Amino acid sequence: KKKLLEELGENTLPYMTPANADFHQLWKTKYSKLIFRKSDVVPEELHQMVQEGFLTLREHDCFFQDLVRIKGKDFVTPVSRILIGNPGCTYKYLNTRLFTVPWPTEGYDIKYCSPQIHDACKALIRLNDYLHIEAVEALRGRNLFEAKEIKDTSVTDREQSFATSPTEKGSVSKDQSSCGVPEDDYIILKNRTSYNVTLLNYMDPLQMLYLKQEPYFGMGNMAVSWHHDENLVERSTVAVYNYSCEDSAVEESSEQKPKGRDPAVWHVGLKVAWDIETPGLAIPLHQGDFYLMLDDLNMTHQHCVLAGFPPRFSSTHRVADCSRGTLEYILGRCELALQNLQTGSDSMALSLKSLETAVVKQVEEIHNEVEFEWLRQFWFQGKRYLKCTDWWLEPMAKLEEFWRKMEIMTSLVLSEVQKEKQIEEQRNETIRCILLVLIERQKLRKEWTAR
């Protein structure tokens, strides 16, 4: 992009704010899957619960900067975060796995460090339920509009208003959205909006020594650089609730430039991925506003967060792809590996049931997965989760026990290949099978030790 800009002889690409005359037309044509809602559509009681929850978590020092890895180098995030969600879920981004502080869930015994933290987590699951309903209705309304548009090219003003006015205060009516959508489609919409985690963010820009400048459009200070959200179910909706701690001292400037954003106000920036012709958007975020990134918007577009002056919290609700990221999953993998471990009649002697290369390789791969995707990821982040709950300690102790048994299994494999009775061809096949896995293990152990 920078090379293309140099060829064009320009320093920055154009972008628009709501002050631009063509802002809504651009939104309609290039950013129509972004839905924005003002704070007054959200019940006041919910606002109060959630915002008190944010402040509670900050008072209990529950927000943490993450050490993430980008292109082999470690960076500390300027934004502090905490993951709250379904018990046993994790969310991985930039090679860092976060473990949920569980929100209150029926059937789980979750002990919180204080009643206030319990209340904060309860408020966030309430917000989660609310945003799930809003996202389903927004997707249903969009589907209905598109179906109507296909049948009738002359769109009514009311329909056009819904489709082209992302800052409209209300959602599509429940009566309208409940008809005309096949049951199978409804199930798909529900699955793509059934948020299992929320990643909470907090940052006070005035406490930051340096913030990176937005490089393409000249939008100013960035709290979060341009990115696609990672580790999500395909085409799932992302919902973001904003709480910028505004007061009378920080308000939108009356002298705002028509073509630029007010630097005092937090904004979300959007651009079409790998496109230097379509102008970007910078949309102001005020206390209690929320927005939805529908369908494939997260894949086709990128977004960033542009810092204002006041401290700001956000709750970003996601359908995390947990196919390989739940406690249930990794415990199942461990049980699969340990099926190859046999205990002798004296309960002390251990041996392997099979030395088949496929079986041995699978066990060693699971060994690596447990160590580097779970145990080291968890303990690398220290005991920070204990500020909220001790829920993860028992599962981690269980995983450590499984890991120790897999260490024994590795030793048993190596002992077997050294025995003279081993046929050379079989020995070589076993060594080839596990050598790459063991080399990877050694390399990763050195990297984690260095970190």
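Worth pointing out:
- In segment 403-428, residue modelled with the lowest pLDDT [restricted to those that are β-branched (Val, Ile, Thr) and open to solvent by less than 50 Å² (accessible area, probe 1.4 Å)]: VAL417
- Residues that are under 14 Å from the mean Cα position of the chain (by Cα), within 21 Å of GLU447 (Cα to Cα) and aromatic (Phe, Trp, Tyr) within segment 63-97 comprise just one, TYR93.
- The lone criterion from (1) open to solvent by less than 60 Å² (accessible area, probe 1.4 Å); (2) of a type outside the set (A, V, I, L, M); (3) more than 30 Å from ASP61 (Cα to Cα) left unmet by GLN342 is number (1).
- Residues in segment 313-332 that are part of a strand (DSSP E or B) and open to solvent by less than 20 Å² (accessible area, probe 1.4 Å): PHE313, SER314, SER315, THR316, HIS317, ARG318, ALA320.
- Looking across segment 218-243, the residues that are in a loop (DSSP other than H, G, I, E, B) and open to solvent by 10 Å² or more (accessible area, probe 1.4 Å) come down to GLY218, GLY220, HIS228, ASP229, GLU230, ASN231, VAL233, GLU234, ARG235.
- Evaluating GLY260 against the criteria (1) modelled with pLDDT of 95 or more; (2) within 14 Å of GLU214 (Cβ to Cβ); (3) of a type outside the set (A, V, I, L, M) leaves one unmet condition, (1).
- Of the set (1) part of a loop (DSSP other than H, G, I, E, B); (2) surrounded by fewer than 17 Cβ atoms within 10 Å (Cβ to Cβ), all apply to THR193 but (2).
- Residue in segment 296-307 that is farther than 21 Å from VAL79 by Cβ and either assigned to a loop (DSSP other than H, G, I, E, B) or outside the structural domain of GLY218 (by the TED database) (or both) present: yes
- Against the test of being in a helix (DSSP H, G or I) and open to solvent by 60 Å² or more (accessible area, probe 1.4 Å), the options GLN51, GLN25 yield a single qualifying residue, GLN25.
Okay, residues lined up against (1) in contact with a Phe, Trp or Tyr (Cβ under 6 Å, 6 or more places away or on another chain); (2) closer than 25 Å to GLN302 by Cβ:
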| site | (1), (2) |
| --- | --- |
| MET16 | yes, yes |
| ALA19 | no, yes |
| ASP22 | no, yes |
| TRP27 | no, yes |
| PHE36 | yes, yes |
| HIS47 | no, no |
| GLU52 | no, no |
| LEU57 | no, no |
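- Subset of segment 345-357 [out of contact with any strand residue (DSSP E or B) (no Cβ under 7 Å at 6 or more places or on another chain) and without any contact (Cβ under 8 Å) to a residue 24 or more places away in the chain]: SER345, ASP346, SER347, MET348, ALA349, SER354, GLU356
- When residues of segment 296-316 are limited to those that are of a type in the set (Gly, Ala, Ser) and within 20 Å of LEU131 (Cβ to Cβ), the one nearest to the chain's Cα centre (by Cα): SER315
- Test: residue in segment 380-392 that is surrounded by fewer than 12 Cβ atoms within 10 Å (Cβ to Cβ) and touching a residue at least 12 places away in the same chain (Cβ under 8 Å): no
- Residues of segment 70-91 classified as in a strand (DSSP E or B) and either open to solvent by 50 Å² or more (accessible area, probe 1.4 Å) or not hydroxyl-bearing (Ser, Thr, Tyr) (or both), total: 13
- Single match in LEU297, LEU281 (criterion: touching a strand residue (DSSP E or B) at 6+ places or on another chain (Cβ under 7 Å) and buried (at least 24 other Cβ atoms within 10 Å of the Cβ)): LEU281
- For the criterion of being outside the structural domain of VAL50 (by the TED database), in contact with a strand residue (DSSP E or B) (Cβ under 9 Å, 6 or more places away or on another chain), more than 30 Å from HIS132 (Cβ to Cβ) and at pLDDT 95 or above, VAL370 fails.
- Unique residue being in contact (Cβ under 8 Å) with a residue 60 or more places away in the chain and open to solvent by less than 20 Å² (accessible area, probe 1.4 Å) when the list is LEU94, LEU67, LEU46: LEU46
- Filter result for ASN128 (open to solvent by less than 60 Å² (accessible area, probe 1.4 Å), touching a strand residue (DSSP E or B) at 6+ places or on another chain (Cβ under 9 Å), in the same structural domain as ARG312 (by the TED database) and more than 21 Å from HIS286 (Cβ to Cβ)): yes
The values are calculated or read from the model by the stated rules, or taken from the named source; none is laboratory data. Because the structure is a prediction, the values reported are computed rather than measured. Positions of Cβ are backbone-derived with ideal geometry, glycine not excepted, and every protein chain shown enters the neighbour counts. Accessible surface is based on the protein model in full, side chains and every heavy atom, while ligands, DNA and RNA are left aside. Shrake-Rupley method; radii C 1.70, N 1.55, O 1.52, S 1.80 Å.
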